[in-house]
1. Report yes if some residue within the stretch A:268-288 is without any contact (Cβ under 8 Å) to a residue 24 or more places away in the chain and polar (S, T, N, Q); otherwise report no.
2. What pairs come up if the first residue lies in the stretch A:636-665 and is over 22 Å from A:Tyr6 (Cβ atoms), the second is more than 15 Å from RNA strand B (Cβ to nearest atom) and of a type in the set (Asp, Glu), and their beta carbons are under 6 Å apart, counting only those six or more places apart or on different chains?
3. Check the stretch A:610-618 and report whether any residue there is within 11 Å of RNA strand B (Cβ to nearest atom), buried (at least 20 other Cβ atoms within 10 Å of the Cβ) and small (Gly, Ala, Ser).
4. Going by the conditions given, is A:Gly759 touching a strand residue (DSSP E or B) at 6+ places or on another chain (Cβ under 8 Å) and either more than 20 Å from A:Lys657 (Cα to Cα) or surrounded by fewer than 11 Cβ atoms within 10 Å (Cβ to Cβ) (or both)?
5. With over 25 Å from the mean Cα position of the chain (by Cα), part of a helix (DSSP H, G or I) and closer than 18 Å to A:Val55 by Cα as the only criterion, which of A:Ala108, A:Ala100 stands out?
6. Please go through (1) away from RNA strand B (no atom under 14 Å from the Cβ); (2) closer than 30 Å to A:Ala28 by Cα for A:Phe741 and return the number of the only condition it doesn't satisfy.
7. Under 8 Å between Cβ atoms, which residue pairs at least 6 apart in sequence (or on different chains) link something in the stretch A:338-356 that is over 18 Å from A:Thr309 (Cα atoms) with a partner that is near RNA strand B (Cβ under 8 Å from one of its atoms)?
8. Determine whether the stretch A:625-633 contains at least one residue that is within 11 Å of RNA strand B (Cβ to nearest atom), among the aliphatic types (A, V, I, L, M) and assigned to a helix (DSSP H, G or I).
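The values are calculated or read from the model by the stated rules, or taken from the named source; none is laboratory data. Computed from a prediction, not measured in an experiment: that's the story for all the values here. No Cβ is skipped: glycine too gets one built from the backbone with ideal geometry, and neighbour counts run over all protein chains shown.
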Amino acid sequence: MPETPYHHQEIELKWSGRWSSDPQLYQAADDGAKPRYYVLEMLPYPSGRLHMGHVRNYSIGDTLARYQWMRGYDVMHPMGWDAFGLPAENAAIKNKRHPAEWTHSNVAHMKRQLQRLGFAYDWDREVNTCTPEYYRWNQWLFLRMMERGLAYRKTSLVNWCPECATVLANEQVENGCCWRHETTPVEQRERDQWFLRITHYAEQLLDDMAQIEAGWPSMVLTMQRNWIGRSEGTEVDFRLKGADENIRVFTTRVDTIYGATCVILAPEHPISKRLCTGELAATLKAMVDDQGRKDPENLVKEGFYTGHTAVNPYNGQEVPVWVGNFILWGYGTGAIMAVPAHDERDFEFCTKYGIPIVPVIRPVDGELAVNPTEAFTEYGIMANSAEWTGLTSAEGRKRMSEKAEKDGFGKASITYRLKDWGVSRQRYWGTPIPMVHCPACGVVPVPESDLPVVLPYEINITGAGRSPLENVESFVNTKCPRCGNDARRETDTMDTFVDSSWYFFRYVDPHNAQAPFSTATVTPWFPVDQYIGGVTHAILHLLYARFWCKVMRDIGIVSVDEPFKCLFTQGMVQLNGQTMSKSKGNIVDPDEMVVRFGADTCRLFTLFAAPPEKDMDWNESSVEGQYRFVSRVWRFVTRNIDAGSGSGSTDQRALRKLHQTIGKVTSDFENRWHFNTSIAALMELTNELYLCEAGLSASVRAECAEKLVLLLAPFAPFVSEELWEMMGRTGPLFKQPWPQFDAALAAENVIEIPVQIGGKVRSRILAAPDASQETLEQLALADMKIQALTAGNTVAKVVVVPGKLVSIVVK
RNA sequence: GCCCGGGUGGCGAAACUGGCAGACGCAACGGACUUAAAAUCCGUUGACCCGCGAGGGUCGUGCGGGUUCGAUCCCCGCCCCGGGCACCA
């Protein structure tokens, strides 16, 4: 058959039409006949259009999914929409479109884009988090958490972004500014908020890392570990002199307490307020107001003496009580003992204000410092510490904690940097928190039978500070579920990180109307075999999802401790070294490339440009190379369908390259997903086949064409499927068995071995790949060039690495 | 400041982690085909030096040292780029 021209548009439209009209095509059988494999990619926010970061993420996932199908797995490969969130409301304000309408039209468009790119999703499992069918289960789970004391309400100082007019989680504050508005400083406001008690799981979140260590990038686990910030120490009460009150401090270095020369309170500490009367009250207030706006880059430590003193319980010494702007109210007890001799920050503070510096720890092999010029922060030997003198820091910490506990003025304690998750948002486009405020009964949960609490459609979104829901009377006015009298609905909605914390469970049982999912249905698919997404979610989303999984396990509806066995974090797609983002206006849309070159080329291009975990700078200049490659495969295969036979003189050469390629591509899939080198190997194979073509026998010609198409299938599904059909084969290509590697066929008859003298390559010898050390040494020493170069010298040593090289050392 | 990544031709990158540096692709150049161009096919292409030539030599993986027969890879000390954390007591 003569070769035919490659018309990507025609071929791709044909197949994407067929594929999307067959809803069963990519369904998992879920009958246990084959081993299961769950490929999960982070679901997109429906912002309007796909960007190249999505294309990259989903190309990686789809390539893996198709490979696993070919390897014989029963693959689950779903997709959905993280559809609640702020941009929908911003669009509502700006374009006068309803958030629901805006979201749904974005979803429709992006779904078409995904289908056009040929991603093999089971759309029957599509999950859209802004539908009542989904978010009612957020509410249901919230009630379960409430019952277990994991969801609670408390008044607290919260981060407030004036731009968003909403509360931000600590995780959404970056450098004191809003994560969306990087130049808007966050303010502190007092509000009643809903919280989820993630701190209750802090220890498990750390411990269970052991279960996923093998499959997760260590960097992500490290980041989470730092975020949780576990710290072992001691809480100690300093009695406030002249008052029946203690100041409790947290320290990791109780062994230094004989060097404590003052106590410092956070400005927000209730005791600060009580101690600062008269003129000091104004000073304190100014400092509190300043806290939310502090620029961590160049904050100057400031403080003032309250005029009060407190007593060190270990030695009875009286120390002054200060207030300091660098003491965090949200960490530990919000108060510290300052030991300037052994803590850099205390040193800086006490030096500035002339507070004494008393060294009490000496280096293990040195003397106690006199008038130190910097803090000695290492562990050492205790000095000037009464009966503890001479102990090591470690011993001191342990025994002094025991003493505090025994005498009732403190205890050993573990503190976390992690804080409870504030989930309240004063926003319309989110899951309503299923609570009612009754004047008589207080906060009352909505009964399960009344779920879902549906978000009202009629809404006027203005962007003003109050939550839009507060103005919807039909929503707000309700009856108390307990006493039946008039009551008001909670108008806060949930953080959208709630939605993405469990959607991957819903995928497995997406139409369940009785429960978030059936435990029996879900269990065989968990943990997820492979989760793929951006490293930007290393802390927030992935930590919340892990937490949520443990909660669901404790509720009894999930059987695993950890949701994701393996995690792959792909690199970012950048443009001129900058992250692509809407605000920077440097989004690249895939549509144009798909029209010009086709989805196959687009996918190959994103995979070829760099290994998947590496950041890549978007530069389209090499995209034509991928198009050329696809075209070359196309021409080779089409012109060799039922082609005449050659002599067979190049059969061995072609088969060798074919099997080397099978080996290479397979090992890339199994070990490291460096698809750039897999695609390079397929190019090499294609190049070799062009050179061998004339001499190929009919059977080898057909075999090479067929295997080439199979190997290409996970990367470029459209052209592969079309060629498969043209070869007269039936059945979807992604269900065909992956080609078998044959080591004997891949082996070279003879290889070239470099011979070095003094580490420099001086000659090359030909030898069998399995030639022995002795043979190689003899061949090398017998080589003419080597003989010439070694003449007159003594060969001191010969290093032979079989199959690799010979290295000769001369004197 | 601390913790991770990373620095290789004109460009994206390989070298599976101690064994031929630069696979594959882009760009560039040459040849074939063509009236011509495009497309296609076949080649060349790290830098410098010697040679008419086949060929040979020196240098070369951010910089400076070290270990080794041999270092892009390991060790020590720097420089630059990207990311995370940043008064966490």
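1. Looking through the stretch A:268-288, at least one residue is without any contact (Cβ under 8 Å) to a residue 24 or more places away in the chain and polar (S, T, N, Q).
2. A:His659/A:Asp742
3. no
4. yes
5. Going through A:Ala108, A:Ala100 in turn, just one is over 25 Å from the mean Cα position of the chain (by Cα), part of a helix (DSSP H, G or I) and closer than 18 Å to A:Val55 by Cα: A:Ala108.
6. (1)
7. Here the result reads A:His342/A:Arg253; A:Asp343/A:Arg253; A:Arg345/A:Lys301; A:Arg345/A:Phe326; A:Glu348/A:Lys301; A:Lys352/A:Lys301, each pair linking the stretch A:338-356 to a residue that is near RNA strand B (Cβ under 8 Å from one of its atoms).
8. Yes, there is a match, as at least one residue in the stretch A:625-633 is within 11 Å of RNA strand B (Cβ to nearest atom), among the aliphatic types (A, V, I, L, M) and assigned to a helix (DSSP H, G or I).
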